[in-house]
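Notes follow the structure.
The values are calculated or read from the model by the stated rules, or taken from the named source; none is laboratory data. Keep in mind that what you see is a predicted model, and the values were worked out from it rather than measured. Glycine also receives a Cβ, built like all others from the backbone with ideal geometry; neighbour counts cover every protein chain displayed.
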Number of protein chains: 2
Amino acid sequence: MADKPTKGLADVVAASTALSDIDGKAGRLFYRGYDIHDLAGRTTFEETAHLLQCGALPTRDQLAAYGAELVNGRSLGALVEANISEIAEKQAPMEALRTLVSLSGAENPDKDANSAEANHRKAAQLTAQQPILVARYHAARTGAEIPDPDPGLSIAANFLLQITGKVPDPRQVEIFDTCLVLHADHTMNASTFAARVCAATLSDMHSAIVAAIGTLKGPLHGGANEQVMRTLQSIAPDQVAGTVRDKLANGEKIMGFGHRVYKTEDPRATHLRRMSEELAQAAGDDTYYRMSKEMEEVVLAEKGLYPNVDFYAATVYHYLGIPTDLFTPVFSVSRMSGWTAHVIEQHADNRLIRPDSEYIGERDQKWKPIDER
Amino acid sequence: MADKPTKGLADVVAASTALSDIDGKAGRLFYRGYDIHDLAGRTTFEETAHLLQCGALPTRDQLAAYGAELVNGRSLGALVEANISEIAEKQAPMEALRTLVSLSGAENPDKDANSAEANHRKAAQLTAQQPILVARYHAARTGAEIPDPDPGLSIAANFLLQITGKVPDPRQVEIFDTCLVLHADHTMNASTFAARVCAATLSDMHSAIVAAIGTLKGPLHGGANEQVMRTLQSIAPDQVAGTVRDKLANGEKIMGFGHRVYKTEDPRATHLRRMSEELAQAAGDDTYYRMSKEMEEVVLAEKGLYPNVDFYAATVYHYLGIPTDLFTPVFSVSRMSGWTAHVIEQHADNRLIRPDSEYIGERDQKWKPIDER
């Protein structure tokens, strides 16, 4: 093979999708043709998941039916129930989710079916299950009492209830719900692409989602929001500019900035910045928000890079009382809605994803018996 | 994004690798510059895994050191030991391997490290562990007594011993060892590509391997060898030609034929055909071999398609006494050596794999409140 690869498949169009679209130059993001700015704050995560998985924003009747599916999907099954405590004790959050979702496939009644109907049922179930898995994982490792899921609460409200143990403030629920909407889908990001590569062998939904979870775990992808918080915590609040400049001068990567596709501000960051500021003011301590703003200015001035979705998500989650090592799991709670929609779409019009490679190693090696090597 | 995708990334060069190379027109396959015909039957699976993971065919001293690592890697760890029986009872083979490998990451002392040294240790350990997982899974679900791994036996010999419960015939061991060599690596196949997409976020070795296992599971990839055997078992031995022609006329896909990259015979199929014939004659019943030959002739005549690696692997595994639903797990036993080598290579010179997509959905959707939808 003589061709050179486009390293990292940058700008290579790898698939067609009707789920989301990015205009990187204008800084715009669309879910099924709806501008993210029209959805954020006006449409719930449940409606957004329905939009992605079922093709349209739901009517009241459709939302009631889908919501009932989501409430049913909250029960984890005997096998996960029996093993979640031990796994929580032995595996870090994203590792544990990888194992638990793999395990949860065992008891799915549709497990061997890739039909559209089976995939839709699995998509709703996985979307409902993921926040419960994260909350139950956290309770198991901390030994905290965890309230049962409340069928009257939304995914966002129920998650904050289960993670913090307190009935959440309604405005905090709205903000967290908007975070889930903003993270739901994002074209051919690495975890979604991994899910599609897996599904394109006609492997099943759970295999594809497990591949996506393992991929989101990486610090160049979903792991970045956690790194942002750890960076903020490692810097003295009055030495942000100097520390960031030193890091950049040392060639260190500052997580939460820059994006392969956006050439201007990520439209999700606009909402997250605003929500971070609001939560900081409500908390009566805006230190991390102010540090973030200063960091943003320095990185833009020095490197010309804009904050991405991970940057202000970090402080938003922090102010909502979510433990730092659950930031990437929270990303997975939202992205599950998009991943599953992509698997449905891949199976509906499938071709094996099997690229070529360029060979760069030794050629014409002569085999020798072991004693002559 | 206006560009059209190359569906399935066919002929798109997605990565550079020094591990393997295919000349699809000439029907040639190379591992690090060695022709597969020079390796098959002359080089053991352990030597091949060393070639892929460490860069060269080993000297005697290198093989002794690597072999010791492989023997140590056979112990599964307390967490897998405690859970393998229940998982074997509840999950099908590839599902169970996906869960068990995810679980096995928990106790790896290098789990958070992506350094070359840590990745090499993990690669050897995963290569050693995979055949033990398959054999222990099978013993757990059948309730059979399973001999302990014998540190004096090769991976191939030990696997046949543990699966069949009998000390294997030396020629059968040679043949199975050659099968493992033939399946070890194959450029940017779907499971390897999934592993690299995952690893390119700087996620860890176990996450990438779990993604690969889920991807291999699909019937358009590793799942095909099992489908070949089920097809042979579903056809009356004296009605092969007619049945295959009918299937083709009905638009059915005959598994085990054709390959995206090879335009002539897959060089692995040449070896597997020969070994299938030898085992059939030794078994004193060559029915499935003769049926395979006839099937091959019909598919070539009708569709111009050649057998791929999966086609004669099916009957070889069958004659070796391997249960049909373990054929894809056996593929994973071999391919683990290549997957892990690709993760080492990806981490050594990394860039996030994040392609673009073409948007084919609705545009300019106007948001409406739920009661107006």
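Suppose we filter B:ASP349, B:ASP285 for residues that are closer than 25 Å to A:ALA195 by Cα, out of contact with any Lys or Arg (no Cβ under 6 Å at 6 or more places or on another chain) and not hydrophobic (A, V, I, L, M, F, W, C); which single one remains? Of the residues listed, the single one that is closer than 25 Å to A:ALA195 by Cα, out of contact with any Lys or Arg (no Cβ under 6 Å at 6 or more places or on another chain) and not hydrophobic (A, V, I, L, M, F, W, C) is B:ASP349. Scanning region A:98-120 for residues that are crowded, with 23+ Cβ neighbours inside 10 Å and not small (Gly, Ala, Ser) returns A:ARG98, A:THR99, A:LEU100, A:VAL101, A:LEU103, A:ASN119. Candidates in region B:209-220 are the residues that are surrounded by 24 or more Cβ atoms within 10 Å (Cβ to Cβ) and not β-branched (Val, Ile, Thr); of these, the one that is farthest from the chain's Cα centre (by Cα) is B:ALA211. For the residues A:GLU95, A:GLU89, A:GLU117, the requirement of being more than 24 Å from the chain's Cα centre (by Cα) and part of a helix (DSSP H, G or I) singles out A:GLU117.
Identification of helices (runs of 4 or more DSSP H) wholly contained in region A:150-266 with 2 or more residues that are within 9 Å of another protein chain (Cβ to nearest Cβ) yields A:190-199, A:205-216. As for region B:314-321, it holds at least one residue that is away from chain A (no Cβ under 14 Å), among the hydrophobic types (A, V, I, L, M, F, W, C) and surrounded by 24 or more Cβ atoms within 10 Å (Cβ to Cβ). In the condition set (1) more than 9 Å from chain B (Cβ to nearest Cβ); (2) modelled with pLDDT of 95 or more; (3) assigned to a loop (DSSP other than H, G, I, E, B), A:ASP110 is compliant with all but (2).
Residue by residue, here is whether (1) closer than 23 Å to A:LEU9 by Cβ; (2) of a type in the set (Phe, Trp, Tyr); (3) out of contact with any Ser or Thr (no Cβ under 8 Å at 6 or more places or on another chain) holds:
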site	(1), (2), (3)
B:ALA194	yes, no, no
B:LEU202	yes, no, yes
B:SER207	yes, no, no
B:PRO219	no, no, no
B:THR231	no, no, yes
B:MET255	no, no, no
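A residue that is in contact with a His (Cβ under 7 Å, 6 or more places away or on another chain) and in the same structural domain as B:ALA200 (by TED's automatic domain parsing) can be found somewhere in region B:38-45. Restricting attention to region A:121-160, the residues being at pLDDT below 95 and touching a Lys or Arg at 6+ places or on another chain (Cβ under 6 Å) number 1. So which residues in region B:162-208 are crowded, with 24+ Cβ neighbours inside 10 Å and without any contact (Cβ under 8 Å) to a residue 12 or more places away in the chain, if there are any at all? The answer is B:SER203, and nothing else. The numbered conditions (1) away from chain A (no Cβ under 14 Å); (2) over 22 Å from B:VAL181 (Cα atoms); (3) of a type in the set (Lys, Arg) are all true for B:ARG274 except (2).
Which of the residues that make up region B:17-56 are without any contact (Cβ under 8 Å) to a residue 40 or more places away in the chain, within 15 Å of A:ARG363 (Cβ to Cβ) and either at the interface with chain A (Cβ under 7 Å from one of its Cβ atoms) or not acidic (Asp, Glu) (or both)? Passing the criteria: B:PHE30, B:ARG32, B:GLY33, B:TYR34, B:ASP38, B:LEU51, B:GLY55, B:ALA56. So which residues in region B:329-363 are crowded, with 18+ Cβ neighbours inside 10 Å, under 23 Å from B:ALA116 (Cα atoms), within 12 Å of chain A (Cβ to nearest Cβ) and not small (Gly, Ala, Ser)? Within region B:329-363, B:HIS342, B:VAL343, B:GLU345, B:GLN346, B:HIS347, B:ASN350, B:LEU352, B:ILE353 qualify. Restricting attention to region A:57-76, the residues that are at the interface with chain B (Cβ under 8 Å from one of its Cβ atoms) and not in a helix (DSSP H, G or I) total 3.
Listed by first and then second residue, the pairs linking a residue in region A:235-252 that is closer than 23 Å to A:ASP286 by Cα to a residue that is hydroxyl-bearing (Ser, Thr, Tyr) and surrounded by 11 or more Cβ atoms within 10 Å (Cβ to Cβ), with Cβ atoms under 6 Å apart and 6 or more places separating them unless they lie on different chains, are A:ILE235/A:THR243; A:PRO237/A:THR287.
Tell me yes or no: at least one residue of region B:161-170 is on the phi < 0 side of the Ramachandran plot, among the small types (Gly, Ala, Ser) and over 18 Å from the mean Cα position of the chain (by Cα).
Looking through region B:161-170, none of the residues is on the phi < 0 side of the Ramachandran plot, among the small types (Gly, Ala, Ser) and over 18 Å from the mean Cα position of the chain (by Cα).
Within region B:56-97, the residues that satisfy the criterion of being crowded, with 16+ Cβ neighbours inside 10 Å, of a type in the set (Gly, Ala, Ser) and either farther than 30 Å from A:GLU107 by Cβ or at pLDDT 95 or above (or both) are B:GLY67, B:GLY73, B:ALA88, B:ALA92, B:ALA96. Taking region B:221-234 as the range and being under 10 Å from the mean Cα position of the chain (by Cα) and without any contact (Cβ under 8 Å) to a residue 40 or more places away in the chain as the test, only B:HIS221 passes.
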